[in-house]
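Input: a single structure, listed below in structure tokens.
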Amino acid sequence: MDTVVPGRGVQAPYDGVSGLLTVTFYGVRGSTPCCDDTTRMFGGNTSCVLIEVPGAAPIICDMGTGLTYLGKDLLERDDIDTDAFRATMLVSHLHWDHIQGLPFFRPLLRPGAAVDLIGPPQEAGSLADAFAECISPPVFPVALTDLPGEITYRTLHEETTTIGPASVTAFPVRHVGPTNGYRIEAGTGSVVFICDHQQPEDGSLDVPVDVVDACRGADVLIHDTQYDAEEFVYRSNWGHCTPDFALELARQAGVKRLVMFHHDPSHDDQWIKDQRDRLQEMAGGDVEVLAAAEGTSMVSGA
């Protein structure tokens with residue numbers, strides 16, 4: 001059975017049990033960071049999720065502002081060689097809220113560190129060119145090539161790669177610009193990460209068949225739930241979806257657990273709790289519904 005563990009920070013090192021994936025949330029917001037008394041329960045950093053697999057270097061989904069805190073935690077761990085740091089980063093797409101933590105990732109500020117950055121093919125130029133344009137003067141003080149650590153770039157599109165004992169499958173998701181969803185599997189555990197997903201503009205719950213297939217039978221689905229139905233009417237072409245759309249996907253795919261993600265910065269803790277409770281009532285016993293909160297972890301595949 002999956003378990004959820006409260007508390008900030010990377011969990012203790014694995015004991016070598018095969019088939020376990022640990023998911024820890026470091027950034028759960030979309031669009032822009034937020035911080036006030038009404039958003040403290042779920043957190044205000046933008047998209048960043050750590051996935052740990054026994055025998056593999058850290059796998060990081062998205063590089064929003066939560067990456068700053070993840071980098072700090074990784075450098076404080078006893079089981080990581082900080083002088084020869086390795087990690088894989090899976091970027092969903094290059095909107096600012098999903099990459100703005102990259103130049104603040106502390107391991108990359110150390111010589112000898114190396115990150116394999118995987119993302120969707122770009123409409124023009126390479127993935128490396130796109131990042132260089134986003135993070136360089138005059139919009140940022142230094143270029144990524146000025147960091148002591150090394151970043152290598154590769155695209156993944158409708159295909160599977162291996163990261164240690166884990167398999168990672170990238171699949172296209174409808175959004176504004178090239179966007180990947182990712183399915184990470186190891187042993188008996190499986191996690192799907194879809195942070196930004198365009199619902200049909202008419203507000204219907206017609207989920208693309210290919211996305212259902214990519215999510216089928218997953219233990220955990222981390223999915224965009226940014227707007228309620230009323231908000232969606234005015235933002236129907238902004239690239240996001242409603243909680244009801246996410247639940248429909250989870251149901252059709254036979255997902256065990258849906259994690260609401262990419263919370264709108266205007267939504268306070270109570271809004272998120274109310275939506276979570278409403279979805280759980282709708283789901284009955286078919287799907288367990290949670291809302292992503294910074295510092296919480298869950299174990300899949302046990």
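Mind pulling up the Rg/Rh value for segment 25-155? Radius of gyration and Kirkwood radius, both on Cα.
0.96
For segment 134-190 and segment 68-130, write down the distance between their C-alpha centroids in whole Å.
Using only Cα atoms to place each centre, the spacing works out to 9 Å.
What FRET efficiency would be calculated for the residue pair Asp79, Thr161, taking the C-beta separation as r and a Förster radius of 30 Å, to the nearest 0.05?
Plugging the Cβ-Cβ distance into 1/(1 + (r/R0)^6) gives 0.80.
Where does the Debye-calculated log10 I(q)/I(0) of segment 174-302 sit at q = 0.19, 0.23 Å⁻¹, using only Cα point scatterers of equal weight, no solvent?
Those come out to -1.07, -1.56, one per q.
Evaluate E = 1/(1 + (r/R0)^6) for Asp213 and Ala124, where r is the Cβ-Cβ distance and R0 equals 35 Å; express this FRET efficiency to the nearest 0.05.
0.75
Enter the accessible area per residue of segment 175-302 (Å², integer; probe 1.4 Å; all protein chains in place).
35 Å²
Out of residues 5 or more away from Gln198 or on other chains, whose amide H comes under 5 Å of its own, with H placed 1.01 Å from N in the peptide plane?
Correct list: Arg174, His175.
Could you give the alpha-carbon Rg of the chain over 2.2 N^0.38 Å, rounded to two decimals?
Ratio of Rg to 2.2 N^0.38 Å for the chain: 0.93.
So if each residue of separation counts as 0.36 nm, and I subtract the Cα-Cα distance between Arg278 and Phe104, what length gain in nm does that give?
Residue separation times 0.36 nm, minus the Cα-Cα distance, leaves 58.9 nm.
Using alpha-carbon pairs under 8 Å, 6+ residues apart, how would you state the relative contact order of the chain in percent?
Relative contact order here is 22 percent.
With the chain treated as a Gaussian network of Cα nodes joined by springs under 10 Å, which of Gly112, Gly66, Gly239 yields the largest mean-square fluctuation?
In the Gaussian network model the winner is Gly112.
Once you list every other residue whose beta carbon is under 13 Å from the beta carbon of Asp269, what net charge do they have if Lys and Arg are +1 and Asp and Glu are -1?
Neighbour charge sum, excluding Asp269 itself: -3.
Over segment 29-109, what is the relative contact order in percent, taking alpha-carbon pairs closer than 8 angstrom and at least six residues apart?
Answer for segment 29-109 is 32 percent.
Any idea of Glu185's accessible area? Nearest 10 Å², probe 1.4 Å.
Approximately 70 Å² for this residue.
Treating only the Cβ of Lys, Arg, Asp and Glu as charged (+1, +1, -1, -1), what charge dipole size does the chain show about its Cα centre? Round to the nearest 20 debye.
In total the dipole reaches around 540 debye.
Under a crude label model (7 Å from the Cα following the beta-carbon direction), how far is Val176 from Thr188 in nanometres?
4.3 nm
Leaving ligands, DNA and RNA out of it, report the carbon-plus-sulfur percent of the accessible area of segment 194-302 at a 1.4 Å probe.
48 percent
As a check on your grasp of the helix formula, calculate [θ] at 222 nm for the chain: sum -39500 (n - 2.57) over DSSP H runs of n ≥ 4, divide by the residue count, round to the nearest 500.
Helix contribution divided over all residues of the chain: -5500 deg cm²/dmol.
The values are calculated or read from the model by the stated rules, or taken from the named source; none is laboratory data. Just so you know, these numbers come straight off a predicted model, no measurement behind them. Every residue, glycine among them, receives a Cβ derived from its backbone with ideal geometry; neighbour counts consider all protein chains shown. Side chains included, ligands, DNA and RNA excluded: accessible areas come from the protein's heavy atoms. Shrake-Rupley method; radii C 1.70, N 1.55, O 1.52, S 1.80 Å.
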